[in-house]
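The values are calculated or read from the model by the stated rules, or taken from the named source; none is laboratory data. Because the structure is predicted, anything quoted here is derived from the model rather than measured. Here Cβ is always computed from backbone atoms with ideal geometry, including for glycine, and neighbour counts include all displayed protein chains.
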Amino acid sequence: MQYAHITGWGKCVPPATLTNHDLATFIETSDEWIKPRTGISQRHISHVNTSGLAVVAAKRALAAAGLEGSDIDMIILATASPDTLIPNIASTVQAEIGAKCAAFDVNAACSGFLYGLGLASSLIKSGQNQKVLVIGAERLSFYLDWSRRETAVLFGDGAGAVVLEASEIEGGVLGYELNNDPAGRDILSAGFGTAMDRFAAESLDFFIQFDGQEIFKRAINGMGKLSKKVLEKCNIDKDEVDWVIPHQANERIIDTLISRMKIPKEKAVVNIANYGNTSAATIPIAICDALEKGMIKPNQTILSCAFGAGLTSAALALKW
Ligand code: ACO
């Protein structure tokens, strides 16, 4: 029996920031509106495409694991904003790191990283793979209509990556649960039409659009349900959870989720203030931030959960 442990991690956040005050200079909004409703103070905006962010995060994760690209035997890249539909952008990362292996993209929107991490753990536990690179990367700023305040204020760009390695040491990814509710497909969408629509004022379907209040409710329910399920499946009592690393869509969603689960708020890793919602990248970036701050210690139990377009949901438990 082999276990799947995270042995390396890295993030890439573009240096350019756009604060709430910056936004208020060109759309009718304010820090007073955005901050209390979402928890967001600023977001990072990328001048390079999604794969560019992913490559940097991947190289940092490899360096942290002490590995070369050629050691990796599978690459899974979660994104809803790939530079190209084909070829997949996992192949761009593969070329840049010099890996000789299979590589594919996952589109499960904001749940994509946990979909990828769960699949990677199964590949390792089954003995199919030994060292898997899992990346969450997004450049959602490209999919925003910057004149629509309802959506423009919420998102940001960034990438995070982890290396998942086979080990005989017990622990690592303990279990995961994935779900999709197609009845909610229409309440959160982007990207209809061709890329040319990006520049056609009448083609608003190209841009991210959603029913915020509906997503708000469903995200809390969806993440709560799967979190409970994965804890039960892994025989973990909620009091044994040391850290919850939730998808960062709205701080109020996280607060409500945590309080309904009766887990103390201090156990939630929350970094949305700095990045906004980076979709598939929120969780790996939060993992990196928590580690950089020395929050996560060996043997601690972590619960991670996400919710996104699809409507996808995911929860994963791991022993660090
Ligand atoms: N600045 C100022 N005013 C605004 C802004 C803004 N950026 N956006 C909306 N408003 C106005 C609206 O026009 C509305 O005005 P009105 O009452 O005069 O009509 C008013 O503020 C209230 O708007 P609501 O939509 O009711 O605001 P709400 O409290 O629901 O908050 C929000 C909106 C923040 C989007 C919230 O619904 C939310 O966080 N939803 C979930 C997150 C989400 O949808 N994320 C998308 C990705 S999904 C995911 O990652 C899981």
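Observations
- Test: residue in region 116-136 that is crowded, with 24+ Cβ neighbours inside 10 Å and either within 12 Å of the ligand (Cβ to nearest atom) or outside the structural domain of L77 (by TED's automatic domain parsing) (or both): no
- D105 being crowded, with 22+ Cβ neighbours inside 10 Å and without any contact (Cβ under 8 Å) to a residue 40 or more places away in the chain: yes
- Within region 128-142, restricting attention to residues that are under 11 Å from the mean Cα position of the chain (by Cα) and not aliphatic (A, V, I, L, M), the residue that is farthest from W9 (Cα to Cα) is E138.
- Condition met for I34 (within 16 Å of the ligand (Cβ to nearest atom), in contact (Cβ under 8 Å) with a residue 60 or more places away in the chain and either charged (D, E, K, R) or not in a helix (DSSP H, G or I) (or both)): no
- Note on region 16-27: residues that are in contact with a Ser or Thr (Cβ under 9 Å, 6 or more places away or on another chain) and either surrounded by fewer than 17 Cβ atoms within 10 Å (Cβ to Cβ) or touching a residue at least 24 places away in the same chain (Cβ under 8 Å) (or both) amount to 8.
- Filter result for the condition that a residue is in a loop (DSSP other than H, G, I, E, B) and either over 18 Å from R139 (Cβ atoms) or among the hydrophobic types (A, V, I, L, M, F, W, C) (or both), over I6, I76, I86: I86
- Only a single criterion out of (1) within 25 Å of E165 (Cα to Cα); (2) buried (at least 23 other Cβ atoms within 10 Å of the Cβ) is not satisfied by I296, namely (2).
- Given (1) in contact (Cβ under 8 Å) with a residue 60 or more places away in the chain; (2) surrounded by 22 or more Cβ atoms within 10 Å (Cβ to Cβ), index of the condition E251 fails: (2)
- Scanning region 159-186 for residues that are assigned to a loop (DSSP other than H, G, I, E, B) and touching a helix residue (DSSP H, G or I) at 6+ places or on another chain (Cβ under 9 Å) yields one hit, D181.
- Subset tally (residues that are at pLDDT below 80 and either more than 16 Å from the ligand (Cβ to nearest atom) or aromatic (F, W, Y) (or both)) for region 176-203: 12
- For region 28-55, a residue qualifies if it is surrounded by fewer than 14 Cβ atoms within 10 Å (Cβ to Cβ) and under 30 Å from I89 (Cβ atoms), and exactly one does: H47.
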